[in-house]
1. What is the spread of the Cα atoms of segment 2-235 along each of their three principal axes, largest first, in whole Å?
2. Restricting to DSSP H runs of at least four residues, report the calculated mean residue ellipticity at 222 nm for the chain, -39500 (n - 2.57) per run over all residues, nearest 500 deg cm²/dmol.
3. Which entries in K79/K155; K94/K171; K50/K159; K79/K236; K108/K230; K35/K161 show an alpha-carbon gap greater than 30 Å?
4. Two decimals, Cα atoms only, Kirkwood Rh: what is Rg/Rh over segment 104-150?
5. Kirkwood hydrodynamic radius for segment 91-184: how many Å is it when counted over pairs of different Cα atoms?
6. Are there any GluC sites (Glu not before Pro) in segment 175-239 that are in a DSSP loop and have at most 14 other Cβ atoms within 10 Å? List them by number.
7. In percent, what relative contact order does segment 135-239 have, based on Cα pairs under 8 Å that are 6 or more apart in sequence?
8. Are there any trypsin sites (Lys or Arg not before Pro) in segment 101-190 that are in a DSSP loop and have at most 14 other Cβ atoms within 10 Å? List them by number.
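None of the figures in this text is laboratory data; all of them are computed from the coordinates on show. If you're wondering where the values come from, they're calculated on a predicted model, not measured in any experiment. Note: ideal-geometry Cβ built from the backbone for every residue, glycine included; neighbour counts use all protein chains shown.
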Amino acid sequence: MKKGFVIVVLFFLSQITFAQKEWFSTFADSTALVKQANQISSTFIKDIAKIKPTLVLTLKTRLNTTPYLIYYDDDGKQKTANLPLWEQVIPEQKAFFYEVAGGEVEGKEVFGLFFNGFYLPHELGHALEQMIEGNVFGSYESEYFANVVAMLWWKKQGKQKELEQCYNYAKRMWAKLPNPVPEGMTIEAYFKANYQQASQNPYTYGYMQFKQFILVYEDKNLPNFEVFVKNYLASKGKL
């Protein structure tokens, strides 16, 4: 009886470990993608509530592959975090990943690391910022905030290995992307003035996002997730 119980427990734990390993990889099963995304979102929302119990994020995570790939949407009745499935991504975007990552295998891996991986709590960071400040989307600063939130939250989850993989790819890809910012203009000003147009161009938007990832990853002065969120809420008079 005890032996059988141990076997069952070990099998259950192995299933949990396997499921956890799937995130930060390219999903083929849309049901599994959404299920795990909802689990991650639920954990993130609970972590925010532990910091401020009256702050409750309400959103639905869903499969919705578009040229924007992964994004937070609050335009409809239901706030949503929208996720992409690799098989539904348009050929032009797949070609972009192949090009900047260094091949088809690498391009598919990058998609999983970032778009079935890192960027989900990034979008939840947008949801947090929108709840506290209103509509602040469409700026370099808002994207940087969301990247910090995602980076610190994943560190809290013990995903340093996956973050390092993202970092190594981000450096490789960013080095291949042309700088879209005109001489004499700051990157913050450029993206504030051209955000919508830039977000529709993977080369331009990738230049900003991968650069931000590198900067945030290398920032040794960032506090942990809880302290960062507390400081943010306090700075807005919401703690």
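1. 71, 45, 39
2. Values: 10 runs with 154 residues, N = 239.
It comes out at -21000 deg cm²/dmol, rounded to the nearest 500.
3. Over 30 Å Cα-Cα: K108/K230.
4. Looking at segment 104-150, the ratio lands at 1.11.
5. Working: mean 1/r = 0.0683 Å⁻¹.
It is 14.6 Å.
6. E183
7. 38 percent
8. Filter output for segment 101-190: empty list.
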